[in-house]
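Everything on this sheet refers to the single structure shown next.
The values are calculated or read from the model by the stated rules, or taken from the named source; none is laboratory data. Keep in mind the model is a prediction, meaning the values are calculated, not measured. Neighbour counts run over all protein chains shown; Cβ positions are idealised from the backbone, glycine included.
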Amino acid sequence: MNNYIKKILYLGPNGSNTQFACGMFSQKMGLDVEYVPISTITKTIEILDEADSSTAAILPVENSIEGIVRETIDNLVKTKSDIFIQAEISLPICHCLMSKGKKEEIKKIVSITQAIAQCKKYIAANFNKDVEILLYTSTSAAAQFVSGQDNSYAAIASELCAHLYGLNILEKGINDIKDNQTRFIFLSKKNFKDLTKQRTSIAFAVENKPGALLSVLEVFKKYNLNCIYLESRPSKKVFGEYIFYADIDKGIDEIKEALDEIKSFCTFNRVLGSYHSF
């Protein structure tokens, strides 16, 4: 199954939640490939954009607490080649506080933006206001960094990271909401025809005038399409111009007519993928 994929890029280093997602995708999709950790989401997509069709990537795209991972979506929409979401999987996330020292020694907490946000109530309740927050590219990179620092540094990362990088777990399950899940996507230039398509993601822009977005939403209503996610992001080209991202809970074959119809209302339109939900 899908034996044309030889290499998969993922947000590393070792111990990241994305690496764990790689294992779950491999199990469900029957993959036996080389996995390559990349330092940032942006760099992962840039490398995939230049690679041939035997390379794929796995990245986080949404968290149940903090919402969309903007770095993933913003970079995906500007790729030069045809990269599509082929599958998605949602996994539970359990954050741990870890350090070489003790909790009372901590003066700096290091992690990725999303993990810090998911634990902000815990941080406020357990540390003084002068505790310094340092943002890193991933939870595992934060743990790796802290392993080389003194006892005043702590990381928020997975339990696996503590074992990999020789850190003491000071407290487990520190995320403010215990039912914390992250959705990961499998990106590839090859279409996985053997996977059923259950969800479609699109990006589009409309003219900056009253009712422009409503025209698109009325098409969704006309075809009885459930838009389960909708968000706007700056186009990064002209101030005041936005790109909308939408997830529709049907495969591409079921919504082709609707997508063709909304084109007349859009100044930009792109299908980001029609994919399987595990």
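Structure notes:
- Some residue of the range 96-117 being touching a His at 6+ places or on another chain (Cβ under 8 Å) and not polar (S, T, N, Q): yes
- Of the residues making up the range 2-28, those that are within 13 Å of the chain's Cα centre (by Cα) and either among the aliphatic types (A, V, I, L, M) or surrounded by fewer than 15 Cβ atoms within 10 Å (Cβ to Cβ) (or both) are 11, 21.
- For the range 181-202, a tally of residues being surrounded by fewer than 18 Cβ atoms within 10 Å (Cβ to Cβ), under 18 Å from residue 5 (Cβ atoms) and either without any contact (Cβ under 8 Å) to a residue 60 or more places away in the chain or β-branched (Val, Ile, Thr) (or both) returns 1.
- Residues that are surrounded by 22 or more Cβ atoms within 10 Å (Cβ to Cβ) and under 30 Å from residue 121 (Cβ atoms) within the range 33-43 comprise just one, 41.
- Residues that are at pLDDT below 95 and buried (at least 18 other Cβ atoms within 10 Å of the Cβ), drawn from the range 102-115: 112, 114, 115
- Selection from the range 50-76 of residues that are under 25 Å from residue 5 (Cβ atoms) and surrounded by fewer than 18 Cβ atoms within 10 Å (Cβ to Cβ): 50, 51, 52, 53, 54
- Listed by first and then second residue, the pairs linking a residue in the range 1-23 that is farther than 19 Å from residue 112 by Cα to a residue that is modelled with pLDDT under 90 and among the aromatic types (Phe, Trp, Tyr), with Cβ atoms under 7 Å apart and 6 or more places separating them unless they lie on different chains, are 2/192.
- The number of residues in the range 85-97 being among the hydrophobic types (A, V, I, L, M, F, W, C) and crowded, with 21+ Cβ neighbours inside 10 Å comes to 5.
- In the range 139-158, the residue that is nearest to the chain's Cα centre (by Cα) out of those that are farther than 15 Å from residue 113 by Cβ and in a strand (DSSP E or B) is 154.
- All positions within the range 118-134 that are assigned to a helix (DSSP H, G or I), surrounded by fewer than 16 Cβ atoms within 10 Å (Cβ to Cβ) and within 23 Å of the chain's Cα centre (by Cα): 120, 121
- Residues in the range 67-118 that are of a type in the set (S, T, N, Q) and more than 18 Å from residue 141 (Cα to Cα): 75, 79, 81, 86, 90.
- Helices (runs of 4 or more DSSP H) fully within the range 5-102 that include at least 1 residues being of a type in the set (Phe, Trp, Tyr): 17-29.
- Flag if residue 215 is under 30 Å from residue 58 (Cβ atoms), among the hydroxyl-bearing types (Ser, Thr, Tyr) and either crowded, with 16+ Cβ neighbours inside 10 Å or not assigned by TED's automatic domain parsing to the domain that holds residue 23 (or both): no
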